[in-house]
Amino acid sequence: MRKYEGKCSNIHGHTWIAQCSVEGSQLNSQGMLMDFHDLEDLLEEITGEFDHTLINDHPSFNEEGLNPTAENLSWYIYHQLEKKLEKISDIIKVKDVTLWESQDACATYKREE
């Protein structure tokens, strides 16, 4: 991690769990806002960019100089999911993204209202 003093400044791994919530004002004819499988597929497209990689080398974290913190990763996933949802629906919006670093440590990003 850049500009950080402590043991997490060394390269290390995590098994992240990404959790997201979406919201909207209308349900489809089946009574759903969105099929969870479709949402999961979109989330996997985004999180797949980081699978078995050094996050520091990812363009958004390398070129922008972002630290690969749970806070920055949840921000990144939120905005990527927002772009993907905009292409398929003008009703469904991202409410929040939580990135779990461990069972008891997570960060949530949500846009201010």
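Relative contact order, percent, of the stretch 35-93 when contacts are C-alpha pairs under 8 Å separated by at least 6 residues? Kindly include the intermediate steps, with their values, before the conclusion.
On the way: 23 pairs, mean separation 17.5, N = 59.
That works out to 30 percent.
Going by how many other beta carbons lie within 10 Å of each one, how would you line up F50, F36, fewest first?
Values: F50 18, F36 10.
The order, fewest Cβ neighbours first, is F36, F50.
Pick from G31, G65, G48 the residue whose mean-square fluctuation is largest in a GNM of the chain, springs joining Cα atoms under 10 Å.
G31
What do you get for the angle between helix 70-88 and the principal long axis of the chain? Use alpha-carbon atoms, 0 to 90 degrees, nearest ten.
Relative to the chain, helix 70-88 is tipped by roughly 30 degrees.
Only one of the listed values, (i) 10.3; (ii) 8.4; (iii) 15.3, was derived from the coordinates as mean projected area of the Cα convex hull in nm²; which label is it?
Here the calculated entry is (ii).
Along its three principal axes, how long is the stretch 35-93 when you only count alpha carbons? Whole Å, largest extent first please.
33, 20, 17
Helix 36-47 against the longest principal axis of the chain: what's the angle in degrees, Cα atoms only, rounded to the nearest 10?
30
Fully extended, how many nm does the chain gain between M32 and S102 (0.36 nm per residue separation, minus their Cα-Cα distance)? Kindly include the intermediate steps, with their values, before the conclusion.
Values: separation 70, 0.36 × 70 = 25.20 nm, distance 3.05 nm.
My answer for the length gained is 22.1 nm.
Of L43, L73, L54, which is the most mobile in a GNM of the chain whose springs link Cα atoms less than 10 angstrom apart?
Maximum fluctuation in the GNM of the chain, among the listed residues, is at L54.
No value in this document is a laboratory result; all are computed from the given coordinates. Because the structure is a prediction, the values reported are computed rather than measured. Cβ atoms come from the backbone with ideal geometry, glycine included; neighbour counts cover every protein chain shown.
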